[in-house]
Amino acid sequence: MGIISAIGNSVTENRIALAEGKCGIGWLELFPTKYASLLPFGEIKLSNTWLQKKLNAHEPGLTRTTLLALHAFEQAIANAGLTQQQLQSFDTALTGASTVGGMCLTDELYHDANKKENGSEYLSSYDCASVNIYLQQRYGIGGIINTINTACSSSANAILYGARLIKHGLAERAIVGGVDSLAKFTINGFNALHILSSVQCAPFDEHRNGLNLGEGAAFLVLEKEQAIGGKKIYAELTGYCNSNDAYHPSSISDNGDGPYLSMKGALESAKIAAGDISFINAHGTGTENNDLTESRAMLRLFDKVPAFVSTKSNTGHTLGAAGAIEAVYSILNLQHQEIYPALNFKQPIVATGLQPVQAYRKMGVNHVMSNSFGFGGNCTSLIFSKASL
């Protein structure tokens, strides 16, 4: 696994921050926007120049999105002990996700689109697939390469897709994950929807008033059981399902049909009962619609809703990176047999009465469900299980 977020630059740093209840949401220091002093964000406090030097990435046209992805990607392949020969093999796949890609350079994109001359060095970076094309070229990855953009469920679907490639014999291993950096494109877009909070978000709280955007990246290496050898196994991906309630361009149906179907399908895929889930890393954006509909879906599916929390109160909503970042967090729950506290929660939603975990605690964790729900009702649930090998 590899990760970078507003609460840490590595898996270890993220785990410590989660356990300590650290919030990475605050005022912008690096990203230029008129909302810098008006709205809080989950910003990574590393400059592009620092990242370029650290990663030895000096090619022209690289965006912050690509740099964050490279940071997490290098951690993941090093942690998995992948050799150059394995990376270049035809049976190593790469599936990455992003909703912004190179459009983090919103002003440059606008300028290039209106220029009559040849354009800037970033012309080839605006494409959503530019991040994975760069990773493919830098490491010579020889297998199937794909980029997924299904809004906030993007990297959860990248994980699902990588697992299916392995299951169907199209890959021995799949490097899967996602990345998004802060961008005027998304800041202005979400602000136009009136769903950005002026304070730190409070998922599942009765008085929640919106989300905080964040940035980050995470990658995981999935490997076929027979190809693992003596490597350390953090967890097994045992269940996954994608559904779509197609209710509204930016909202989920009132009954939470999409979330309900994705969670139910993931249980069926894993061949376990609802009561077997120890913990849920909820999508939990802090918006009025999402938290209510996800709560209703959980109440429909579970006789007793398991312990749950939304870690977006730690990192902000990282959009296309959220599913992968929260997959890493779910695996940390399993690896260390612990769960992390919700931040900013005070009062349960009156209509549902559900309360997220409010204090760090050790507990037996066998199966963790991780939810990622995107615009258009594109809903994905993953189930990670304690390694049995």
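The values are calculated or read from the model by the stated rules, or taken from the named source; none is laboratory data. Owing to the predicted nature of the structure, the values given are computational and were not obtained by experimental measurement. Note that each Cβ is placed from the backbone with ideal geometry, even for glycine, and that neighbours are counted across all protein chains shown. In case anyone asks, the SASA skips ligands and DNA or RNA and just uses the protein heavy atoms, side chains included. Shrake-Rupley method; radii C 1.70, N 1.55, O 1.52, S 1.80 Å.
Using just the C-alpha positions of region 173-278 as equal point scatterers, what log10 of I(q)/I(0) does the Debye formula give at each q in 0.19, 0.24 1/Å? Log10 of I(q)/I(0), two decimals: -1.24, -1.26. For Phe279, the residues whose amide H sits under 5 Å from its own are His367, Met369, ignoring neighbours fewer than 5 places away on the same chain, with H placed 1.01 Å from N. For region 328-337, 3J(HN,Hα) computed residue by residue from phi via the Karplus equation (6.51, -1.76, 1.60; θ = phi - 60°) reads 4, 5, 5, 5, 5, 4, 6, 4, 9, 6 Hz, glycine and proline entered as x.
For region 141-226, the per residue solvent-accessible surface stands at 34 Å², with DNA, RNA and ligands left out and a 1.4 Å probe. Overall, the anisotropy analysis places region 77-234 in the oblate class: the square-rooted eigenvalues a ≥ b ≥ c of its C-alpha gyration tensor yield a/c not less than 1.5, with a/b not exceeding b/c. So for region 194-255, considering every pair of alpha-carbon atoms, how many percent are separated by more than 15 Å? Counting pairs separated by more than 15 Å, the tail of P(r) holds 74 percent.
Please identify every one of the trypsin sites (Lys or Arg not before Pro) in region 22-91 that sits in a loop by DSSP and has no more than 12 other beta carbons within 10 Å of its own beta carbon. Hits after loop and neighbour filter: Lys34, Lys45.
Note on region 249-389: Rg/Rh from Cα positions, Kirkwood definition for Rh, rounded to two decimals, is 0.92. Averaging 1/r across all pairs of distinct Cα atoms in region 1-116 and inverting the result yields a Kirkwood radius of 16.5 Å. State whether region 1-42 is rounded, prolate or oblate according to the following rule on the C-alpha gyration tensor (a ≥ b ≥ c being the square roots of its eigenvalues): a/c under 1.5 gives rounded; otherwise a/b larger than b/c gives prolate, and the remaining case gives oblate. It is oblate, given that a/c is not under 1.5 and a/b is not larger than b/c.
For Ser310, the residues 5 or more places off, or on other chains, whose built amide H falls under 5 Å of its own are Ala282. Computed from backbone phi with θ = phi - 60° and the Karplus coefficients 6.51, -1.76 and 1.60, the 3J(HN,Hα) list for region 52-68 is 4, 5, 4, 9, 6, 10, 10, 5, x, x, 6, 9, 4, 4, 5, 5, 5 Hz; x is used for glycine and proline. State the Cα centre-to-centre distance between region 67-105 and region 316-370 in whole Å. Cα centroid to Cα centroid, the span is 26 Å.
Sparse packing (at most 14 other Cβ atoms within 10 Å of the Cβ) combined with a DSSP loop state is found for the following GluC sites (Glu not before Pro) in region 1-82: Glu20, Glu29.
Return the carbon/sulfur percentage of the accessible area of region 60-175, one whole number, probe 1.4 Å, all protein chains in place. Working shown, then result.
On the way: 2480 of 4850 Å².
Accessible surface attributable to carbon and sulfur in region 60-175 totals 51 percent.
Kirkwood-type hydrodynamic radius, region 289-371: 13.7 Å, calculated from all non-identical alpha-carbon pairs. Rg/Rh for region 222-263 (Cα atoms only, Rh after Kirkwood) is 1.28. Close amide H partners of Ile145, meaning residues 5 or more places away or on another chain with modelled amide H under 5 Å apart, are Leu94. Along region 366-375 the Karplus relation, 6.51 cos²θ - 1.76 cosθ + 1.60 evaluated at θ = phi - 60°, assigns HN-Hα couplings of 10, 9, 10, 9, 10, 9, 9, 10, x, 3 Hz to successive residues, with x for each Gly and Pro.
In the chain, the C-alpha radius of gyration followed by the widest Cα-Cα span (Dmax) gives 19.5, 63 angstrom.
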